[in-house]
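Novice: The structure under discussion is supplied below as structure tokens; questions concerning it will follow.
Each reported figure results from applying straightforward, stated rules to the coordinates on display, with no laboratory input. Everything numeric here is computed off the predicted structure, so don't read it as measured data. So basically every Cβ, Gly included, is an ideal-geometry build from the backbone, and we count neighbours across all protein chains shown.
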Amino acid sequence: MFNNKVVVITGAGSGIGRALAIQLAIAGARLALSDVNQAGLDETLQLLPSGCTAKGYKLDVSSWEAFQAHAEQVKTDFGTAHYIINNAGATVIGTVAHTSIEEFEWQLGINMWGVLYGTKAFLPMMLEQREGCIVNISSVFGLLGFPTQGAYNMSKFAVRGLTECLWQELDGTGVSAICVHPGGIKTNIEKAGRRVKAAGAEESTFSSQADKTLTTLPEDCAADIINGMRKGHKRIITGNKSTTMFWLGRLFPNSYPAILKRFL
């Protein structure tokens, strides 16, 4: 399925993106890997199995101009793209009251606009060749709202909405879309993210509780994603308690906030 296919992965310098790159390289994919962190990206490239075809690109996904140029460069280097995995992400921790507009804009620039830019940059070539798959990384925070996660929730719900729209729009085109909802993955996204300048006790409480749930390895998450891609799933739910969160929102849409309070 992946042998000799061109897979574009954003946020490949660490965590889930790095794990996906390594496992897809083993599966025979040709990789166009990007990250805003050049050092992390270089480390990922060094960890790939010998003999694989891979190229790294420094990319700020929050820039439409940069993403357009990236897509053109990938086309020049590889000829086309068969998969785009919009994985790059960051987090802002803060209540809505404490989070400034500038902090919201920074969060949405990476997590929401970055996913849209990746989709828009690579979709035309996929539609033209009538082959391709767009994999958008949302989160369990795209299924349920959590306190102090307003900006992050907003971005991940947007990714979910975009992808579910694509499910229908792409029907019959040869191109598909997948929405991934990881939860409890042991990555450095929170440490690499931002705590709002006006943060208080609420933010500290959430962070300490959230740390306890980060038990799923990125490698296990990546394996779940690739397995779901192989099976043609439209939605992939992976990670510690992620399935529980999915059903919590489905079965208790009005009362789940009160239930979550017992654990946060």
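Novice: Charges on Cβ only, +1 for Lys and Arg, -1 for Asp and Glu, centred on the Cα centroid of the chain; of Leu127, Met245, Leu116, which one is farthest towards the dipole's positive end?
Specialist: Looking along the dipole axis, the top candidate is Met245.
Novice: By the gyration tensor of its Cα atoms, with a ≥ b ≥ c the square roots of the eigenvalues, what is the shape of region 4-147: rounded for a/c under 1.5, prolate for a/b over b/c, or oblate?
Specialist: prolate
Novice: Give the share of C-alpha pairs in each 10 angstrom bin for region 91-174, from 0 to the last occupied bin, in whole percents, shortest bins first.
Specialist: Pair shares across the bins are 18, 43, 25, 12, 2.
Novice: Explain nothing, just compute: Karplus ³J(HN,Hα) = 6.51 cos²θ - 1.76 cosθ + 1.60, θ = phi - 60°, for every residue of region 173-187 in order, whole Hz, x for Gly and Pro.
Specialist: Couplings: 9, x, 10, 10, 9, 10, 10, 10, 10, x, x, x, 8, 7, 10 Hz.
Novice: For the chain, count all C-alpha to C-alpha pairs, find those more than 29 Å apart, and express that count as a whole percent of the total. Working shown, then result.
Specialist: On the way: 9378 of 34716 pairs.
Counting pairs separated by more than 29 Å, the tail of P(r) holds 27 percent.
Novice: Here's something else I'd like to know. Of Cys165, Cys221, how do they rank once you tally other Cβ atoms within 10 Å and put the fewest first?
Specialist: Working: Cys165 11, Cys221 27.
Lowest count first: Cys165, Cys221.
Novice: Moving on to the next point. Once amide H atoms are built 1.01 Å from N in the peptide plane, which residues 5 or more positions from Tyr57, or in another chain, come under 5 Å H to H?
Specialist: Leu33, Ser34, Asp35
Novice: For the pairs Lys75/Lys156; Lys55/Lys231; Lys120/Lys156; Lys58/Lys241, note any where the Cα-Cα span goes beyond 22 Å.
Specialist: Details: Lys75/Lys156 28 Å; Lys55/Lys231 27 Å; Lys120/Lys156 18 Å; Lys58/Lys241 33 Å.
From the list (Lys75/Lys156; Lys55/Lys231; Lys120/Lys156; Lys58/Lys241), the Cα-Cα distance tops 22 Å for Lys75/Lys156; Lys55/Lys231; Lys58/Lys241.
Novice: For Ala223 and Gln129, what is the calculated FRET efficiency with R₀ set at 25 Å and r taken between the beta-carbons, to the nearest 0.05? Before the final figure, lay out each step's value.
Specialist: Working: r = 28 Å, r/R0 = 1.11.
After rounding, the FRET efficiency stands at 0.35.
Novice: For Arg30, what residues show an amide H to amide H distance below 5 Å, using hydrogens built from the backbone and excluding near sequence neighbours?
Specialist: Close amide H contacts, sequence-distant or interchain: Asn4, Lys5, Val6, Val7.
Novice: Another one. Once phi is turned into θ = phi - 60°, what whole-Hz ³J(HN,Hα) does the Karplus curve with 6.51, -1.76 and 1.60 give for every residue of region 21-26, x standing for Gly and Pro?
Specialist: In residue order, the calculated couplings are 4, 5, 5, 6, 5, 4 Hz.
Novice: For the chain, with a Gaussian network of springs between Cα atoms less than 10 Å apart, report the residue from Leu251, Leu31, Leu108 with the top mean-square fluctuation.
Specialist: Among Leu251, Leu31, Leu108, the largest mean-square fluctuation in the Gaussian network model of the chain belongs to Leu251.
Novice: Same structure, new question: Looking only at Gly232, Gly114, Gly17, which one moves most when the chain is put into a Gaussian network model with springs between Cα atoms under 10 Å?
Specialist: Gly232
Novice: Another one. Highest GNM mean-square fluctuation, the chain, Cα pairs closer than 10 Å: which of Asp42, Asp224, Asp77?
Specialist: Of Asp42, Asp224, Asp77, the most mobile in the Gaussian network model is Asp77.
Novice: Do you know the relative contact order of region 7-132, to the nearest whole percent, from alpha carbon pairs under 8 angstrom that are 6+ apart?
Specialist: Values: 196 pairs, mean separation 33.4, N = 126.
So the answer I get is 26 percent.
Novice: Which whole-Hz couplings ³J(HN,Hα) result when phi for each residue of region 151-162 is put into the Karplus expression 6.51 cos²θ - 1.76 cosθ + 1.60, θ = phi - 60°, listed in order with x for Gly and Pro?
Specialist: 5, 5, 4, 4, 5, 7, 5, 5, 4, 4, x, 4
Novice: So who's got an amide H within less than 5 Å of the one on Ile236, skipping anything under 5 residues away but keeping other chains? H placed 1.01 Å off N, in plane.
Specialist: Under 5 Å from the amide H of Ile236: Cys179, Val180, His181.
Novice: I've got another one for you. If Lys and Arg each add +1 and Asp and Glu each add -1, what is the summed charge of the other residues whose beta carbon sits under 14 Å from the beta carbon of Leu170? List each step's numbers first, then the result.
Specialist: Details: positive: Lys120, Arg130, Lys234; negative: Glu128, Glu131, Glu164, Glu169, Asp171.
Net of charged neighbours comes to -2.
Novice: Kindly provide the helix-only [θ] at 222 nm of the chain, computed as the sum of -39,500 (n - 2.57) over DSSP H runs of four or more divided by all residues, to the nearest 500 deg cm²/dmol? All intermediate terms of the calculation are to be shown ahead of the outcome.
Specialist: Details: 11 runs with 126 residues, N = 264.
It lands at -14500 deg cm²/dmol.
Novice: When only Cα pairs under 8 Å and 6 or more residues apart are kept, what is the percent relative contact order across the chain?
Specialist: On the way: 521 pairs, mean separation 49.7, N = 264.
Once divided by the residue count of the chain, the mean separation gives 19 percent.
Novice: Okay, next question. Excluding Ala19 itself, what net charge comes from residues whose Cβ is under 12 Å from its Cβ, given Lys and Arg +1 and Asp and Glu -1? Could the numbers behind the result be given before it?
Specialist: Working: positive: Arg18, Lys186; negative: Glu219, Asp220, Asp224.
That works out to -1.
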